[in-house]
Structures are given as C-alpha cells and as structure tokens.
Amino acid sequence: MSETGGEGWCQSGNPTSVFAYEGHQGPEEGGMKNEGEMRKGEEEGQGKEEDEDYDSPPERQIVVGICSMMKKSKSKPMTQIMERLCKFEYITVVIFPEEVILNEPVDKWPLCDCLVSFHSKGFPLDKAVEYANLRNPLLINDLNMQYYIQDRREVYRILQEEGIDLPRYAVLTRDPDRPEECNLVEGEDHVEVNGEVFPKPFVEKPVCAEDHNVYIYYPTSAGGGSQRLFRKIGSRSSVYSPESCVRKTGSYIYEEFMPTDGTDVKVYTVGPDYAHAEARKSPALDGKVERDSEGKEIRYPVMLTAMEKLVARKVCLAFKQTVCGFDLLRANGHSFVCDVNGFSFVKNSMKYYDDCAKVLGNMVMRELAPQFHIPWSIPMEAEDIPIVPTTSGTMMELRCVIAIIRHGDRTPKQKMKMEVRHPLFFELFEKYGGYKSGKLKLKKPKQLQEVLDIARLLLAELGQHTDCEIEEKKGKLEQLKTVLEMYGHFSGINRKVQLTYLPNGQPKASSEEEEGPKEGPSLLLVLKWGGELTPAGRVQAEELGRAFRCMYPGGQGDYAGFPGCGLLRLHSTYRHDLKIYASDEGRVQMTAAAFAKGLLALEGELTPILVQMVKSANMNGMLDSDSESLTDCQQRVKARLHEIMQKDQDFTEADYQKLAPTGSPSLVNSMKIIGNPVRTCDQVYALIQRLTSQIRKRLEDPKSADLQLYHSETLELMLQRWSKLERDFRNKSGRYDISKIPDIYDCVKYDTQHNATLGLEDTLELFRLSRALADIVIPQEYGINKPEKMDIAQAYCLPLMKKIQLDLQRTHEDEAVNKLHPLYSRGVMSPGRHVRTRLYFTSESHVHSLLSIFRYGGLLDEVKDQQWKQAMDYLSAVSELNYMTQIVIMLYEDNNKDPGSEERFHVELHFSPGVKSCEDEENVPLGFGFRPASAENQEKQTNQGSLEDLSQDEPDRALPLSELISIRRSPMIRNRKTGSMEVLSETSPGSSKGASYRLFPSCSRQSPEIKPTGLGSLCSGLFSASVLGVSSSAPNLRDYVRTHHRKPPLSPGLPFGDGFEGCSMVPSIYPLETLHNSLSLKQVDEFLNAVCEDSSDAHAKTMKALSVLFDTSSQGYGQAHTYPPPKALSSSETPVRPPTHPLCLSSGPPSTVSSAGPSSPTSVNPSNPAIHFSFSE
C-alpha cells in the first residue's frame, strides 16, 4: 500500500485514506493498482486488525476520488475537509495525480465510487466527463453543468429560469454571425444595449466567467471614470481609472449597479440544506484588500435570511453543484445573485470544515451505504444553540448613533439671474419637460452644453447689433458663457442652470433690471456656480470621520495601528449597520464620501466611495430644500429684517426687542458691534470698493496677472466675484440689499482663509463687520421669535424628524442587515452587539432648523432642568453654525432594566458648531464637555475635577509627552458606567474654573504610554474634555483641539507642506459638547411626535410649503396645476409628488412605497402616517 502514497488512520486504527500523489511510481510501473488489488490490500489490512478485535466480516470501503488540478486538491481547505471525511469509518479518499489527469487516458485513472471533480484553469473537463460516463460514480458536483458555469450568459439564463432575483441586465454579443445582438449606443451618462438603457453607475462584465476584469462606470455627477476590478494581486482587487467609455471589443453583460453599502456577501453551499455566508469589503470600494496578520483576506461570517437560504437551495439544485459558491448583493432591502462560481470552499473556518465534512460524509453514506451493504444510519444531532452574549453590571450598550452634519469648507456660492425670451430657450424648456411644473433644473453635462451653445449663438448674432437694451443682455450672456466654459469640462457637481416660467414676464425688481418689463411670457434663467467642496473641506470631513470612530465602544486591540479601532472592528465584522444620506448638492455628497473614507479607513478616490456608500436623499426632500421657494413665514421674516436693517440710526431698545426677542447673547453682541446698520453697510460697501480696486491694480501688474489663487481660481475670477457683490449690494437709490450680506461674509471668509497670501488690505476689517451683520441676518432668516423659528424649522425638517424618530424606534427590532453569525465568529467577543449608525449630510438650512426644533420645541423645561439650561445658554452664545457643524444623538440600552421600562433606553444629545473661524479664539462660548456627569451623580461625587475654560487656553501650547503620561496616571474615581464606554471622572491638573467635572469615554485601561502613531493625534478633535481621554482609543490632544494656527496633523503621506495646496491652512473643528445626557427614549419619542403632529395639525400652510420645497420638479415630474390621482408605484418609476399629496420617503426601491393616502395636508400624524419609509433604511 505504501507505494501508492501516504495512509491516513482514524482513531480505530483502520487505514482510511489513500493519497495517490505525483512523483511516485506511475501506473505503468505497477505503482497504481487496479481496483481488485486495491480492494484486496485494504481488506487484508482491515482483516488483521478486525480479527484481533471482533469476528465480524470485513466491510468494503467507499472510495471518494478527488479529481482536480493539484493546486486545488492540495489546498488547505481541501486537505482539512478530506482529513475529516476520513474519520468516517467506511470512507477512503483517493486523490488523482495531476499528471495522470492530464496525460493518461481515462481508463487508466484510479477507480472510485464517488467523484469530487471540478473545473479550474487548465483542467480537462472533457476527460472528466468521459471518465464519469465510463465508471458512473456518484457525482458530488455535476460535470456537464460546469460548462454552463464558465459562461456568464448561461449562468444568468439559469438564474432567471429559476426565478432568482438578479440585477437588470442585457447581453452585448460581438459575433459577426449575430449582428442583431450587437446594438450599443453610448451616451455620456448611460449606455443603450439592444434597446435597454442603463444609466451610470452600471457594471460591465465579460461573458467568459474566467475573465475577472469587471468594470464599473460612474456618472459624471459623482466625478465620472470607472473602477476596474480584477483577480486579487497582492493587496489590490481593483483600481480607479479616469476612463469613462465602455470597452469596444469583446462580448459583455451590462447590468445595473447595486448600492450595497460597500459589502459583498459570499455564500458557500454544501448540499441544498447547508449554506455558510461570509461578508467582505466590496472590491469596488477602494480596491484595497483588507488582510489579517497572517495575510488572509478579512471576511466575517454573517447570518442569511430565510429568503436567502431559499436562494442558496435553488442555486445549489439548479446548477447541480453540491459544493457551490455564489455572490449575493444586498441592496435596497433585497438580495440579488450576481455570480455563481461553482465548486468552492470557505477558507480558514474550522467550524465550516467540520460541517462540510459531516454533510458530505453523510451524503455519500446515505447514497452508497445501502448498495455496499454497509450498516449505517444518519446520526441525529441536537440543533446547535446560538449563543447570545449578555452584558453584566450596569453597563449600557451603545445601540444607535444619529448625526446630522453640515458640509465642509466650500468655494463661495455664486448666482446670476437673467430674463430670457429667445425661442431657443423655450424649446430647451419644453424639451426637458419644464412645462409640467413650470420649473426646470439643468445639471447634466449634455444639458449645460445645450445652454452654452445657445449663449454662443446669441452672442454671435449680437455681434452685429449695438442697441443698448441688448448690450445689458450681452453682458449677462457673456457671463453665462464664461461660467459655463470655466473648467474646460462639465462636471455636474460644479454648475447648474434653473429655468422658471414667468407667464407675464418679470416684474422690475432689483437694480440689475434697468428697462421696463416687456409684455408676454418669459423665462427666468438662474445660473448657479461655485459652492464646491474645497480640498480643505475634504480634509476636514475626512479628519472628522476619523475622529468620529472614537464615539464607539471597544478601542482595545491595535487594528492596523489606528485609534478608534472599536468602530472599525464593529464595522468590518458586520455588526455595524451604517447608512449615509446626503442631499443632492455636490459639496454635500463629497463631504459625505470624504467622511466615510475617514470613518472606515478607506483609501483612494472619493468617486467609488460616493457611489457605493452615500445614498442620495433628494427623492424625498429629507435633506434638500429649494431655497427659491420660501414659505410665507420666511417671506414675512425677511421683510421685517430688511425693514429693521434699513434704519439710519443706532439700534434702539425697541430694535433689540424686535430683532432679538430671545435675548441671545451672540445676537446682542453683534448688534452692539454694528450700532447703526446703515452706517455699517456703508463701511462694508466702501471696503468692498477698496478691495475691488486693489484687485484691479494687481491685474494690471504684469507680475501678478497670471497668479494662481486657491483651488485654481484666477484674479480675474476673484474680481468678477467681488465686483458682482459690489454691484448687487447697493442699488441705484442707495438702499442696501440685506440678502447679499451672507454672500459678502461667505466671500470674505473664503479669501481671509485661503487667499491671505495676496496680502490685500482691510480684509480683516471687512471680515469683522460682515460677520457681525451675517450673525444677525443668517440665523434670523430662520425666524425672529420662537413661533416663527418653529414654523420655518418644521417646514424644512419635518421629513428628517420623522426619519430620526424611525431610526431611534427601530433600533431594538430585528432586521435583515449584515448580522454576524455567532457560531462562526471566533475572536469576536460579542457577536450579538449591533450598532446602527445613520449619518445625514446637509446644508446650513437643515442644521439651523433642526437645532431650532430642539431648542424651542419644548423638549425639556429650562427652569426645572439645570443641565438643559446650561446647554441653552451655550447654544445662544454660539454665533455661527459653520462648516461641519454636528448634531449627534446617541441611544444606549441598559440590558438589566425591564424591556418595557422607561429606563431601558437612554438618549444623549451632543453638538459642535463645526469649524473654527479666523478670529474665534477670544470669544469661544464655553460648553460643558463631552458626556459630563448627570445630576443624580453630583451628590455621590467626592473629588470634583475642573471644567476647563476653553477661552483661557493659550492657542499654541502643545502638551509635552511627560505631562501627558502624568495626567493619564492621575487618580481616577470610578463612579458609574454609562454605555459600553465606561465613564470615569478624573482629577484634572488644569485650571480650576468652577466645580463641575468631566467624564471621558473610556474603553480600555491600557498601559499609560501613548503610541505616537501618525493617526494617534487625529481623534483628539472630536470631544471636548478637560483632560486627555483615559484610553488611547480616544486621544484628545489639546494642541489639535485648540489651535487654528497650526495645521491639524494628517495621516502620514498627505502633502501638507506650507498648508494645504501651498496656500491655505485647514482650520480645526470644535469638539463635541454634550447638551444633555440623561434623556429617556420615551421622552424623545413623545417630543418628536408632538413636534411632527403640531406641524401637521396647526400648519396646513407649512405642509403646503413643504410640498413646494420637496417638489421633485428638477426631474420634471408633477403637473403644475393638474394632480394625478394617488396610485401605488411600480419599481421602475420615480415617485410622482404632486404638491398637495403626502410625502413619501424612501431610499429603497420605490416599489416599497405607496403614495396612496388622503391628500389632505393635515394628515401627518403617527396614527395615520403619510410619510412612509421603506425598510431598507
């Protein structure tokens, strides 16, 4: 026997496996025995043993043959499983040598009763089929079906016949004999394959399944280009390419791209009743393969839903492959099969190896034991009981994090309005369905190109005329042309044109319109540009994303050397249910993508991250607001503001009452700085004039004419920006247009931060004055007194409030998210823990409104609740909700409390006013730190730490490491645990400014030395705290939190030279301050209910305004005057939202949304919710 190869012995001592290896004698030298000899040898061997033990006759062995390429048959999973299979008393395994498979005729191949054979590169499948026909063994995986598996077209055909969900697809066959299957029309943002249209993003797969070069094409609105996937090479599985055109040779399947939140699920069946599933990071996300310390790709076992188990069963039976791997995409609440790979084993899972051998062994025995007369019965086993981990003590578990975040630093927003009457504009308006709603938004490159063509044509015509009225037009047309030609290419993120139908022309409104209005209909063309996320904005978002990790429990374990690894581990083990929503503004979407990149430690371009991780919430108006259509209340508020700000006298007591009825210190301060509003406007106007003349001088100077400013702006463009403000701010009659104040502040803030190198004089004075004006105008545009603030806030935020309420409620329900499988997850301490994170990225309007609702909606009574009073004082001292402002809601569960009890769920509310401004150091409002102790602990506290006064800290003081260490060793007083972050209070050696103290999120008590890794200092900016966090998972390095003078530390490898892009510093972000940390879920839920009900019962007006705000007119849906009857939506439609209908909110396929329901605007209440959310949210 020994000449055939090694023998495996099971515990009873019987020889149970024969490995026929290469390199031993070949069959012709007698090394390979024929069946009779083999059987005889085995029986002799067994006979001897068994004669000694019992007198029963020897039983015949069942031979399982492994016929595949050596690389596969000697692989670790195969070896592990075969070793376990040999433990079956009657099973022997024979491995066919590769040289025999390749070079010998099939009648010389070893004999077997059961064949495990599968195709891989170089394998002669034809010979295997011939062998199976000759010997007729039991086939574990059908061989003929393996021809089909090599062709993706056949795979999809079979899946479709079986009724298995797969992405919508079309096949492009480039075959000279079948020209009818090769119709491809390529557009800028879509392809049309044989009549089927696929808008980008879409996927292009070669029809040959062995070709792994799958490409994903991205829309221009997300940055265009494509992601090229390939078989893993080292640590890469895909690479981003700027190429946006599809391949022109070869045959492909085109299919719609499924937004899976960056994870793929791989399913492995062993027979129809067993499936093991693992999730891994999608190769399309950033192309970097996550590997563990042994260099294996990191994957985590996940639970399959009942439906998915049924799909696994169908796939296994349809392809007749007992051992079969396939890929699932979980998107929009459904699961789609996108690839079937045939024979494949799970790598590195002992539990799977045990299961697989057991299932295969039982299968072989069940089929073959009877015909060999082997006594055998299927062992019945008790079902494995899933282990449910519980937490002990009063630890609370973090269940949900909801954050509403304003976008990052952007270029100044600019817009130009002009009235147009040329027939070409009307044709364009009609072409894109403008008459349906009376409005049209043009963002796509093709559409903008058409507008540019019209502008060029009209300018050429105007070349022959010199009449004055046309001259005025000519200036506007030239600006239109210049702006549209600006970057040499259109990216939908940069510019948009809005057209509004004016049945009777435009009434003369501003200084811009000099001529009297003409008769007849016209179109108002509004061109908007600028407002893009700057490189600094990207850095801010990414840094904040990194720092945000520290909110999550479990910082232990050095996950690839960064802090905040608690979240990364939670996320990579699929115990983190993350969804990111953004409004449809480019800057907001890019902020969300950059944040996700930092949060999840991704690499590379933002486009793939944007397409996969960021959901656009523009379907339902949840995060968007059409600023063109203001509510009645806002119109009234604006009129009052204009009136008060037009008085040429110092503010009187009555003005203070009128303008700042809430008595907010930040407002009162600004009013004091201003004194006389008209005088201040005069000063601002004069300063703008000085600025424009300085820029003109620079332009005349040949040295600085072609100077490059920040973010590739030119002096010419900068001058255009400022001279437009100069023209618009003051009209011919000398009155000031107050609505331009935010734009002036916006521009001067941008230039003082990014273009300071120009050294223009008086910019800081202009900054100071325009800021004081803006600090009044901006917040007060959202309401002057409390009722107005609530009214306007509800108009903006109702859908978002409903969604937040839903997020909080649905945390403790079970859903089909990527849940970790407890049995397989060795090394994961608490597989049951599941945290939901919902991030909403939006613009200033929503952040202002949401904060108003929390402040004025009656969540808590300031008189009775001291902590809330302090929080309100802090908020009213905050003058600006700058870029990256955050409102964070955290929900904790106390597992020891009765599930029905109010104390079971505990909510915390945190806030940060975002990025630091140029001269903030002196007047920083003082918060109370991140997660301070709540009132009931105040008495138990013996050793009070100090509250650090942020404004007293010298801006540039870095903390020496020795001091750091001593702080970390300072005595800690454990007073109670809140959440799975333990809460500790510490004695602080800092300044003693009052007797309150801070608590710190601590997840680990490690040794006190701090690893100075590149990223170690990044998380410092997230929390406000009087001393450094106790654990290195949430380092809170003071210099990063405090200074704006110094650039924040960046991950190694970011070119930061003299500030970002060589001319700008990236200001840091204020740490989070806790507004309240002992709310019950019931309190919050009742509050949200009341706010939403209040807005529906008492504000039919508001709902009407909402319907205007959230009208999806940009896509041209909804009639201007006729409303279709309510109807359920099919999955191919985008919801039609006529203005008086209830709002439907869905990020899932619209098929889960019903827009039917009463069309009265007052019906939004929980008992009859007219706002629907799909379950995929």
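If R0 equals 35 Å, the separation of the Cβ atoms of Glu643 and Thr482 corresponds to a calculated FRET efficiency of about 0.45. For Thr837, nonlocal amide neighbours, meaning residues 5 or more places apart or on other chains whose placed amide H falls under 5 Å from its own, are Val401, Asp577, Leu578, Lys579. Computed with a 1.4 Å probe over protein heavy atoms only, the accessible surface of region 194-289 comes to 34 Å² per residue. Remark: spin-label model distance Arg696-Lys732 equals 2.1 nm, labels positioned 7 Å along the Cα→Cβ axis. Coupling constants for region 763-780 follow from the phi torsions by the Karplus curve (6.51 cos²θ - 1.76 cosθ + 1.60, θ = phi - 60°), and in residue order they are 5, 5, 5, 4, 4, 4, 6, 5, 5, 4, 5, 5, 5, 8, 5, 5, x, 6 Hz; glycine and proline get x. Maximal additional length on extending the Lys121-Leu424 stretch stands at 103.1 nm, based on 0.36 nm per residue less the C-alpha distance.
Counting charges near Trp529 (Lys, Arg +1; Asp, Glu -1) among other residues having Cβ under 10 Å from its Cβ returns a value of +4. Peptides 178-190, 276-288, 657-669 ranked from most to least packed, by the mean per-residue count of other Cβ atoms within 10 Å: 276-288, 657-669, 178-190.
Only protein atoms count toward the accessible area here, which uses a 1.4 Å probe; on region 142-212, the carbon and sulfur part of that area reaches 47 percent. If R0 equals 45 Å, the separation of the Cβ atoms of Arg168 and Glu653 corresponds to a calculated FRET efficiency of about 0.10.
Amide H to amide H, with H built 1.01 Å from N, Lys413 comes under 5 Å of Gly531, counting only residues 5 or more places away or on other chains.
Solvent-accessible surface of region 706-820, taken per residue with a 1.4 Å probe and all protein chains present: 34 Å².
Computed over neighbours whose Cβ is under 13 Å from that of Glu162, the net charge equals +1, Lys and Arg +1, Asp and Glu -1. Can you give the log10 of the normalised intensity I(q)/I(0) at q = 0.24 Å⁻¹, computed with Debye over equal Cα scatterers of region 108-200? The computed values of log10 I(q)/I(0) come out as -1.20.
Shown for region 661-749: the carbon plus sulfur share of the solvent-accessible area, taken with all protein chains present and a 1.4 angstrom probe, equals 48%. Below 10 angstrom from the Cβ of Arg904, what's the summed charge of the other residues (Lys, Arg +1; Asp, Glu -1)? Spelling it out: positives minus negatives among the neighbours equals -3. When peptides 691-697, 871-877, 845-851 are sorted by average Cβ neighbour count within 10 Å, with the highest value leading, the order is 845-851, 871-877, 691-697. Take the Cα of Glu89, step 7 Å toward its Cβ, do the same at Cys208, and the gap between the two points is 5.1 nm. Considering region 189-278, its Cα convex hull presents a mean projected area of 8.0 nm². Annotation: amide H-H contacts under 5 Å for Val302 (H modelled 1.01 Å from N, sequence separation of 5 or more, or interchain): Ala277, Glu278, Ala279, His821.
The values are calculated or read from the model by the stated rules, or taken from the named source; none is laboratory data. Predicted model only: the values in this text are computed from it and were never measured. Positions of Cβ are backbone-derived with ideal geometry, glycine not excepted, and every protein chain shown enters the neighbour counts. Accessible surface is based on the protein model in full, side chains and every heavy atom, while ligands, DNA and RNA are left aside. Shrake-Rupley method; radii C 1.70, N 1.55, O 1.52, S 1.80 Å.
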